[in-house]
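As structure tokens, the structure follows; a few thoughts come after it.
The values are calculated or read from the model by the stated rules, or taken from the named source; none is laboratory data. Predicted, not measured: the structure shown is a model, and the values here were computed from it. Here the Cβ positions follow ideal geometry from the backbone for every residue, glycine too, while neighbour counts run over all protein chains shown.
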């Protein structure tokens, strides 16, 4: 449509025209996001159990009370917190440190980036199956390598003390390259004159990293940390393949608890309640990080 045609339209039609253009997108978001959210919230307020002869009916906040007084829920909160904290902190530190080393590469930089893309581009289920073989107690290559140096076999996925950290190790292998690539991109976009000025002023390598480089790439690192925190909070697929939440409940996260309640016990009301509590926890984690990102962008 030409600009002249738009100008000849009445003022109210000109004001409404941009909203008409985004209307299909708004309808799509409403159908695929808002409607399921509202329905799941309503389900969380109902007794909705497929194994019961009682029909679904409204029962208020009883599902939330049952969940919040269940020790299994608080164990899942603890497991999720350990998993999220360990993966995000380790990946951010390790990824940023490796990026600072890789930025000095003069040859093979493109090949290194290509190799780094592979881990987080592979589907999590495939990664889970791969590490299921690697960490097998009897036939896994990891225990074989340990036996070469005289260390006995380790029950990587069947020991309550080791299983969660084994899953965390898989996450580190998969997502640390994502942090590395993001940090390298941020480092390459830094203004060169600031680095040159710091060098002229006699700043050491550590001082330059601490007072110049890290503040400049802080907004990017905060966004990456926020992304990783949210994806770690809802981790399910790798745990489903590797441990099924076990042994016992050693690796049962909140997302896996939703799956157990809704699709193994067929208690859809309780499963929806756990999922909404997970959403609230994600908001508690995300809001301060989003504020930090906004403040860093303004600064």
Seminar exercise, completed: Checked against (1) in contact (Cβ under 8 Å) with a residue 40 or more places away in the chain; (2) in a helix (DSSP H, G or I), residue 51 satisfies every condition except (2)
Exercise. Which of the following residues is touching a residue at least 60 places away in the same chain (Cβ under 8 Å) and touching a helix residue (DSSP H, G or I) at 6+ places or on another chain (Cβ under 8 Å): 225, 282, 262?
Worked result: 225
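Would region 283-299 turn up any residue that is farther than 23 Å from residue 58 by Cβ, outside any helix (DSSP H, G or I), modelled with pLDDT under 95 and out of contact with any strand residue (DSSP E or B) (no Cβ under 8 Å at 6 or more places or on another chain)? Steps first, answer last, please.
The initial filter retains those residues of region 283-299 that are farther than 23 Å from residue 58 by Cβ, namely 283-299.
Among the residues that remain, those that are also outside any helix (DSSP H, G or I) are: 299.
Those left that are additionally modelled with pLDDT under 95: 299.
If we keep only those that are out of contact with any strand residue (DSSP E or B) (no Cβ under 8 Å at 6 or more places or on another chain) as well, we get 299.
Yes, that holds for at least one residue.
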Exercise. (1) farther than 24 Å from residue 178 by Cβ; (2) modelled with pLDDT under 95; (3) in a helix (DSSP H, G or I): which one isn't true of residue 276, the others all being true?
Worked result: (2)
For this session: Go through region 54-63 residue by residue and tally those that are part of a strand (DSSP E or B) and either at pLDDT below 90 or under 34 Å from the mean Cα position of the chain (by Cα) (or both).
Result: 1
